[in-house]
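K.L.:
I have a structure here, written as structure tokens, and I will follow up with some questions on it.
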Amino acid sequence: MATSSLLRHLGHRFGSNIALSPSLRCSSLISCNPLIHSAASSSSSSSSSSACTISSPQTTRHRFLSLRSTPPLLSPEEILRRNIGISAHIDSGKTTLTERILFYTGRIKAIHDVRGKDGVGAKMDSMDLEREKGITIQSAATFCKWKDAHINIIDTPGHVDFTIEVERALRVLDGGILVLCGVSGVQSQSLTVDRQMKRYNVPRLAFINKLDRQGSNPWKVINDLRNQLKLNASAVQIPIGLEDKHEGVVDLILNKSYMFDGEKGEKIVVGEVPGDMKEMVEEKRAELIERLADVDEEIGELFLMEEKPTEVQLKEAIRRQTVACQFVPVFMGSAFKNKGVQPLLDGVLDYLPEPKEKQNFALDRSNNEEPVEVTCKKEDPLLALAFKLEETPFGQLTYMRIYQGMLKKGNQIFNVNDGKKIKLARIVRMHSNEMEEIDEAHAGDVVAMFGVDCRSMDTFSDGSMNLAMSSMFVPEPVMSLAVKPAESKMQNNFAKALTKFTKEDPTLRVKVDSETKETVLSGMGELHLEVYIERMKREYGVECISGQPNVNYKETISSKTPFDWLHKKQTGGSGQYAKVVGYIEPMTEEEILEYGKPNEFKNKCIGTNIPPEYYPSCEKGMNDAMAEGALVGCEVEGVRVVLQDGASHAVDSSDMAFRICMANAIRDTMKKAQPNVLEPVMTVEIEIPAEFQGAVTASLSRRMGMIQSSDMNDDGSGVKLEVQVPLANMFGYSTEIRSLTQGKGEFTMEYLNHTPVPRNTQEELMAKYREEREAKEAA
């Protein structure tokens, strides 16, 4: 590549200070800027290699404007935008990566680490609880500028208990960065994030982080992406050194090396490919082209003709197929060691879509919810989605993604879901917990607003359309806890806190037990519930007393069983009379998914033995029976109820009579249909040093765990176990694994499914349920 074109390319690519060594012979350009000249002089005195030093715009963006022509002022709709989420398994380095992105783009002036010695904590972990625990609990939004593009970023939690935060972020974003640990590779939550990205068709880049750690192996991680996540992934970079020798990366497309110098890695030294890596670069570049040829027609034709694609053709093909979710470019580095972040930002601009490139559909409520493609044009009618709510001292803060049209302070908008009209008082851009007031926002922006009373996933318009955006997937809770305030005078604050938290978090459920009158809190795991109890104490001053965690058991049946039930009650005057005939049968998992509900009611009545106006009452009776099973009083799922016939009375039949009749018929018949109690089973991923494998395996066997896989690290120092264990047997495991491994072991778990409990466990649960009922009746 000619020197001038290389310079132009690098100036465009990094938007940065460029200082060239004398060997590149750009004296005329260097002399025109004394700042560049001084940098070039220092470069030539320290090194004679053919390299150029590029400083990130964070520290020098105000100095080097003379290198690039001043860009024309762009209208809001012409500004390049990227809306991206950073997602990964817990402790893969998402928040650390976001911190470096904010630093290199000039959004923050100093880097603070998640568990840093200065005690400040990362910018995106704004809650005290997040800084204390060293984990992300809530998704946090920010924005920054890289080159000419405006980037909205949402940093998401990695812990499975807070998976709804990832779900809501990916629902509204146009692209994602899947961060993977260079040592552990694809982990349990990586699989969950992958499913979420596929659910919403989110194009993504992969970033293999922590290549400075002992045992890091990026090629194993790429194989995991291909084999476990079934992604067409290929490296666009290869690392220069691994572990303590990791110094930078080689760009496979440009055939250039990038080394990261300076106290915070802000100076990028661009050079030639190291001699000992040229063979590997050729091999991995050929692999990249081959992977692209499988999905891209243009590259496929060049591949068949044995022609080499140009840099431009390669980049265009990667972009096309990444946006189409057919390819995943893999970047590499170490965010903690400040390596590889700036090229990743270039990848975000090069390969992830603009808002208008990502297809989004609204549902036309006036036309049987037919999908309508959203235009992402400023001049079209407004369409926006509220995807996150947060309580602040100034009132409810509503995070909004604008799909088309624009928001302007002082304008009125309509909530499509409830028809309420709202005046926009304040519009802000979020930077973690800080706000920047703006007057208007355009299609493609992610902003927040005050004074908007709504629920999560409500759609807003300017009133001219009856379109609604689709909601997000909300997983069912797996664990429950009885809670009450320690002091009765705090009951009002307790109720306020629960109302606020359940509005913010759809996976947090609250119900009052009809018999014990206890408040039962249900969530995604121990940590999830523990965090909300702690937040009640800190934010509302409510000290809570909580009982032992209860597992959310469910009930089902195993065989088809008929019913013929008569409900007859005479109490003077008109009584109650209803008769129902039919059968119940189990549903398969596929049928449940297809139907979209855990149980199904089918009406196969012929004639009017049961008057048609009583059919809804029969379905309500079925729902009553499913709310509390006959074995242990838990929710019933996987049952199809078929109503075939019945009888009624001209005077005594009523809605209530048929509702009671159907509920009693199902409860009685379920006892004869080989009923089972189902318990939640978790996929547990455990990472331990190899010497503790025997003790940990024995402890898992005692907890009825079934080992699915066991993988040893390349150097034999550590083992990763994947085990399926009933949730009821996992309480207290965090303490046990620490004691077994001298504090060196760690584990994560994720809900898998509900499976039947062993017969002896079912009998114990039934006996306990009977005792509780008898005690309540005696009281």
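K.L.:
Is it fair to say THR310 is exposed (fewer than 15 other Cβ atoms within 10 Å of the Cβ) and of a type in the set (S, T, N, Q)? Outline the logic, then answer.
P.N.:
On the way: exposed (fewer than 15 other Cβ atoms within 10 Å of the Cβ): yes; of a type in the set (S, T, N, Q): yes.
For THR310, the condition - exposed (fewer than 15 other Cβ atoms within 10 Å of the Cβ) and of a type in the set (S, T, N, Q) - is met.
K.L.:
Across the range 639-673, what is the number of residues that are in contact with a His (Cβ under 9 Å, 6 or more places away or on another chain), closer than 30 Å to ASN760 by Cα and surrounded by fewer than 24 Cβ atoms within 10 Å (Cβ to Cβ)?
P.N.:
So in the range 639-673, the residues in contact with a His (Cβ under 9 Å, 6 or more places away or on another chain) come out as 657-658, 660-662, 664-665.
Checking which are closer than 30 Å to ASN760 by Cα leaves us with 664-665.
Remaining after also requiring surrounded by fewer than 24 Cβ atoms within 10 Å (Cβ to Cβ): 664.
Count: 1.
K.L.:
Got a sec? Which of LYS220, LYS198 is open to solvent by 40 Å² or more (accessible area, probe 1.4 Å) and within 17 Å of GLY176 (Cα to Cα)?
P.N.:
On the way: LYS220 fails: within 17 Å of GLY176 (Cα to Cα).
Step by step, each of LYS220, LYS198 is checked, and only LYS198 is open to solvent by 40 Å² or more (accessible area, probe 1.4 Å) and within 17 Å of GLY176 (Cα to Cα).
K.L.:
Which one of the conditions (1) closer than 30 Å to LEU678 by Cβ; (2) assigned to a strand (DSSP E or B); (3) touching an Asp or Glu at 6+ places or on another chain (Cβ under 6 Å) does ARG429 fail to meet, given that it meets all the rest?
P.N.:
(1)
Here's the yes/no breakdown for (1) in contact with a Ser or Thr (Cβ under 9 Å, 6 or more places away or on another chain); (2) open to solvent by 10 Å² or more (accessible area, probe 1.4 Å); (3) among the polar types (S, T, N, Q):
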site: LEU173; (1), (2), (3): no, no, no
site: PRO203; (1), (2), (3): yes, no, no
site: LEU211; (1), (2), (3): yes, no, no
site: ILE240; (1), (2), (3): yes, yes, no
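K.L.:
Which residue out of LYS484, LYS500, LYS496 is assigned to a helix (DSSP H, G or I), open to solvent by 50 Å² or more (accessible area, probe 1.4 Å) and not polar (S, T, N, Q)? So that I can check it myself, show each step before the final result.
P.N.:
On the way: LYS484 fails: assigned to a helix (DSSP H, G or I); LYS500 fails: open to solvent by 50 Å² or more (accessible area, probe 1.4 Å).
The conditions single out LYS496.
K.L.:
For the range 376-392, which positions are assigned to a strand (DSSP E or B), open to solvent by less than 50 Å² (accessible area, probe 1.4 Å) and not β-branched (Val, Ile, Thr)?
P.N.:
Initial filter on the range 376-392 (assigned to a strand (DSSP E or B)): 383-392.
Retained after the next criterion (residues that are open to solvent by less than 50 Å² (accessible area, probe 1.4 Å)): 383-390, 392.
Those that are assigned to a strand (DSSP E or B), open to solvent by less than 50 Å² (accessible area, probe 1.4 Å) and not β-branched (Val, Ile, Thr): LEU383, ALA384, LEU385, ALA386, PHE387, LYS388, LEU389, GLU390.
K.L.:
Please enumerate the residues belonging to the range 393-405 that are in contact (Cβ under 8 Å) with a residue 40 or more places away in the chain and either assigned to a strand (DSSP E or B) or open to solvent by less than 10 Å² (accessible area, probe 1.4 Å) (or both).
P.N.:
If the condition is that a residue be in contact (Cβ under 8 Å) with a residue 40 or more places away in the chain and either assigned to a strand (DSSP E or B) or open to solvent by less than 10 Å² (accessible area, probe 1.4 Å) (or both), then GLY395, GLN396, LEU397, THR398, TYR399, MET400, ARG401, ILE402, TYR403, GLY405 are the ones that fit.
K.L.:
Moving on to the next point. Give the residue that is nearest to GLU679 (Cα to Cα), with candidates limited to residues of the range 550-572 that are of a type in the set (Ser, Thr, Tyr) and touching a residue at least 12 places away in the same chain (Cβ under 8 Å).
P.N.:
So the residue we want is TYR553.
K.L.:
Pull out all pairs, ordered by first then second residue, where Cβ-Cβ is under 8 Å, the residues are six or more apart or on different chains, the first lies in the range 606-629 and is under 12 Å from VAL641 (Cβ atoms) and in a helix (DSSP H, G or I), and the second is of a type in the set (Phe, Trp, Tyr) and at pLDDT 90 or above.
P.N.:
CYS618/PHE601; CYS618/PHE658; GLU619/PHE601; GLY621/PHE658; MET622/PHE601
K.L.:
Please work out if PHE601 is aromatic (Phe, Trp, Tyr), buried (at least 22 other Cβ atoms within 10 Å of the Cβ) and either modelled with pLDDT of 90 or more or assigned to a helix (DSSP H, G or I) (or both). Break it down stepwise before answering.
P.N.:
Working: aromatic (Phe, Trp, Tyr): yes; buried (at least 22 other Cβ atoms within 10 Å of the Cβ): no; either modelled with pLDDT of 90 or more or assigned to a helix (DSSP H, G or I) (or both): yes.
No; evaluated as a whole, the condition is false for this residue.
K.L.:
Another question, if that's okay. Residues GLN724, GLN762: which one is touching a residue at least 24 places away in the same chain (Cβ under 8 Å) and under 28 Å from the mean Cα position of the chain (by Cα)? If you could, list the steps in order and put the result at the bottom.
P.N.:
On the way: GLN762 fails: under 28 Å from the mean Cα position of the chain (by Cα).
Just one listed residue meets the conditions, GLN724.
K.L.:
Additional query: Considering only the range 296-316, I want to know if a residue exists there that is closer than 30 Å to GLU99 by Cβ and not in a helix (DSSP H, G or I). It would help to see each step written out before you state the result.
P.N.:
Start the filter on the range 296-316 by keeping residues that are closer than 30 Å to GLU99 by Cβ, which leaves 315.
So of that shortlist, the ones also not in a helix (DSSP H, G or I) come out as none.
Within the range 296-316, not a single residue is closer than 30 Å to GLU99 by Cβ and not in a helix (DSSP H, G or I).
Conditions (1) modelled with pLDDT under 90; (2) among the aromatic types (Phe, Trp, Tyr); (3) more than 28 Å from SER558 (Cβ to Cβ); (4) open to solvent by 20 Å² or more (accessible area, probe 1.4 Å), marked per residue:
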position	(1), (2), (3), (4)
VAL677	no, no, no, no
GLU685	yes, no, yes, no
ILE688	yes, no, yes, no
GLU691	yes, no, yes, yes
GLU746	yes, no, yes, yes
THR755	no, no, no, yes
GLU771	yes, no, no, yes
ALA779	yes, no, yes, yes
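K.L.:
Checking the conditions here, which among GLY547, GLY575, GLY582 is of a type in the set (Gly, Ala, Ser), touching a residue at least 24 places away in the same chain (Cβ under 8 Å), surrounded by 14 or more Cβ atoms within 10 Å (Cβ to Cβ) and farther than 19 Å from MET656 by Cβ?
P.N.:
On the way: GLY547 fails: surrounded by 14 or more Cβ atoms within 10 Å (Cβ to Cβ); GLY575 fails: farther than 19 Å from MET656 by Cβ.
Being of a type in the set (Gly, Ala, Ser), touching a residue at least 24 places away in the same chain (Cβ under 8 Å), surrounded by 14 or more Cβ atoms within 10 Å (Cβ to Cβ) and farther than 19 Å from MET656 by Cβ holds for just one of GLY547, GLY575, GLY582, which is GLY582.
K.L.:
Could you go through the range 451-464 and let me know if any residue there is open to solvent by less than 60 Å² (accessible area, probe 1.4 Å), more than 14 Å from PHE387 (Cβ to Cβ) and among the hydrophobic types (A, V, I, L, M, F, W, C).
P.N.:
Within the range 451-464, none of the residues are open to solvent by less than 60 Å² (accessible area, probe 1.4 Å), more than 14 Å from PHE387 (Cβ to Cβ) and among the hydrophobic types (A, V, I, L, M, F, W, C).
For (1) among the aromatic types (Phe, Trp, Tyr); (2) in a helix (DSSP H, G or I); (3) out of contact with any helix residue (DSSP H, G or I) (no Cβ under 6 Å at 6 or more places or on another chain); (4) open to solvent by 40 Å² or more (accessible area, probe 1.4 Å), each residue gets a yes or a no:
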site: THR322; (1), (2), (3), (4): no, yes, no, no
site: PHE336; (1), (2), (3), (4): yes, no, no, yes
site: LEU345; (1), (2), (3), (4): no, yes, yes, no
site: LYS356; (1), (2), (3), (4): no, yes, yes, yes
site: LEU363; (1), (2), (3), (4): no, no, yes, yes
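K.L.:
Right, another one. Please name all residue pairs, on different chains or six or more residues apart, with Cβ atoms under 6 Å, provided the first residue is in the range 183-194 and is under 15 Å from ILE86 (Cα atoms) and the second residue is open to solvent by 10 Å² or more (accessible area, probe 1.4 Å) and hydrophobic (A, V, I, L, M, F, W, C).
P.N.:
Pairs that qualify, where the first residue is under 15 Å from ILE86 (Cα atoms) and the partner is open to solvent by 10 Å² or more (accessible area, probe 1.4 Å) and hydrophobic (A, V, I, L, M, F, W, C), are GLN189/VAL160.
K.L.:
Can you pull out the residues in the range 175-195 that are open to solvent by less than 10 Å² (accessible area, probe 1.4 Å), closer than 30 Å to GLU357 by Cα and either among the basic types (Lys, Arg) or part of a loop (DSSP other than H, G, I, E, B) (or both)?
P.N.:
VAL186
K.L.:
Collect the residues in the range 266-279 that are out of contact with any helix residue (DSSP H, G or I) (no Cβ under 7 Å at 6 or more places or on another chain) and part of a loop (DSSP other than H, G, I, E, B), keeping them in residue-number order. Give the steps one after another, and end with the answer.
P.N.:
Of the range 266-279, the ones out of contact with any helix residue (DSSP H, G or I) (no Cβ under 7 Å at 6 or more places or on another chain) are 267, 269, 271-272, 274-279.
Within the range 266-279, GLU272, PRO274 meet the criteria.
K.L.:
Which of (1) open to solvent by less than 10 Å² (accessible area, probe 1.4 Å); (2) in a strand (DSSP E or B) is the odd one out, the single condition PHE260 does not satisfy?
P.N.:
(1)
K.L.:
Run down SER55, SER66 and say which single residue is open to solvent by less than 30 Å² (accessible area, probe 1.4 Å) and either out of contact with any Pro (no Cβ under 6 Å at 6 or more places or on another chain) or modelled with pLDDT of 50 or more (or both). Spell out the reasoning first.
P.N.:
Details: SER66 fails: open to solvent by less than 30 Å² (accessible area, probe 1.4 Å).
None of the others qualify; the one that does is SER55.
K.L.:
Only one of (1) at negative phi; (2) open to solvent by less than 20 Å² (accessible area, probe 1.4 Å); (3) modelled with pLDDT of 80 or more fails for GLU130. Which number is that?
P.N.:
Exception for GLU130: condition (3).
K.L.:
When you check GLY525 against the structure, is it buried (at least 18 other Cβ atoms within 10 Å of the Cβ) and within 26 Å of the chain's Cα centre (by Cα), yes or no?
P.N.:
Numbers: buried (at least 18 other Cβ atoms within 10 Å of the Cβ): yes; within 26 Å of the chain's Cα centre (by Cα): yes.
Yes, satisfied.
K.L.:
Additional query: Just name the residue that is most open to solvent (accessible area, probe 1.4 Å) out of those in the range 409-426 that are closer than 19 Å to MET469 by Cα and in a loop (DSSP other than H, G, I, E, B).
P.N.:
Within the range 409-426, the match that is most open to solvent (accessible area, probe 1.4 Å) is LYS420.
K.L.:
Which of the following residues is farther than 25 Å from ARG81 by Cα and among the charged types (D, E, K, R): GLU370, GLU379? Write out each step before concluding.
P.N.:
On the way: GLU379 fails: farther than 25 Å from ARG81 by Cα.
Selected residue: GLU370, the only one of GLU370, GLU379 that is farther than 25 Å from ARG81 by Cα and among the charged types (D, E, K, R).
The values are calculated or read from the model by the stated rules, or taken from the named source; none is laboratory data. Computed from a predicted structure; not experimentally measured. With ideal geometry, Cβ positions are generated from the backbone for all residues, glycine too; neighbour counts draw on all protein chains shown. Side chains are part of the model used for accessible areas, which takes the heavy atoms of the whole protein and leaves out ligands, DNA and RNA. Shrake-Rupley method; radii C 1.70, N 1.55, O 1.52, S 1.80 Å.
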